[in-house]
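Reading through the structure tokens given below for one structure.
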Amino acid sequence: MDVDNDGKLDLFVNRKAIYKNLGGGNFTQTGTGLQNQTGNLSNTWADYDNDGFIDCWVTSTGASNSFLYKNNGDGSFTKITSGDIGDSAYNTGWGCAWGDYDNDGYTDLVIAAANNFGVVNHPNRLYHNNGDGSFTRIKMPGLTDTLAPFTIPTWNDFDQDGDMDLFIGTGPRWKHGFG
């Protein structure tokens, strides 16, 4: 991901910091508001608000560590704590992925809930991007009403029909695909 749009890929080390790519194989740690995050297991990057700057969602199995971070475009990030998407205790999970599942031009978010890991005791979460900076939680049978050890989600148009399909890895004895 290129957090500052300088054409050089930067590095985010989960639970640590963003390292800005200076070129020539050199990186420097930046103070962005994403450093020293504890308990986070996964992150995913996308420009959810279509402002030209890549934003970050981090997921944790802890009750207060799953958040959306909006890239302010000046090297800093703002933690979003309002609306459905801002409820950290409700949005715990193991993995996460952005994907525009309804092809409306705004990237949506899925959070894979590894039930009974940490404080996770709920099904997966799917959030529709409303295009105005807010998200609506979507209920989808089989995806958001099933308790299982879901882990790593990934979006791809595997059948090449023009819409995004979703695969979520699971723990022992579970296999589930959506799309």
How far is it, in nm, from the label point at Asn26 to the one at Asn72 when both lie 7 Å from their Cα along the line to the Cβ?
2.7
Which of the following values of volume of the Cα convex hull per residue in Å³ was calculated from the structure shown: [x] 124; [y] 115; [z] 165?
[x]
Answer in debye to the nearest 20: the dipole magnitude of the chain about its Cα centre, from +1 Lys/Arg and -1 Asp/Glu charges placed on Cβ, is 1080
Ranked from highest to lowest mean number of other Cβ atoms within 10 Å per residue, what is the order of the peptides 126-137, 20-31, 88-99?
88-99, 126-137, 20-31
Average accessible surface area per residue within segment 75-125, 1.4 Å rolling probe, Å²:
38
Please compute the modelled spin-label separation between Ser134 and Leu9, points set 7 Å along Cα→Cβ, answer in nm with one decimal.
3.7
Could you count how many Lys pairs in the chain have their Cα atoms under 24 Å apart, skipping same-chain pairs fewer than 8 positions apart?
9
Here FRET efficiency (C-beta to C-beta, Gln160 to Asp102, R₀ 25 Å, nearest 0.05) is 0.90
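The values are calculated or read from the model by the stated rules, or taken from the named source; none is laboratory data. Quantities reported herein were computed from a predicted structural model and do not represent experimental measurements. Reconstructed Cβ throughout: ideal geometry from the backbone, glycine too, with neighbour counts over all protein chains shown. Surface areas here come from the heavy atoms of the whole protein model, side chains and all, with no ligands, DNA or RNA. Shrake-Rupley method; radii C 1.70, N 1.55, O 1.52, S 1.80 Å.
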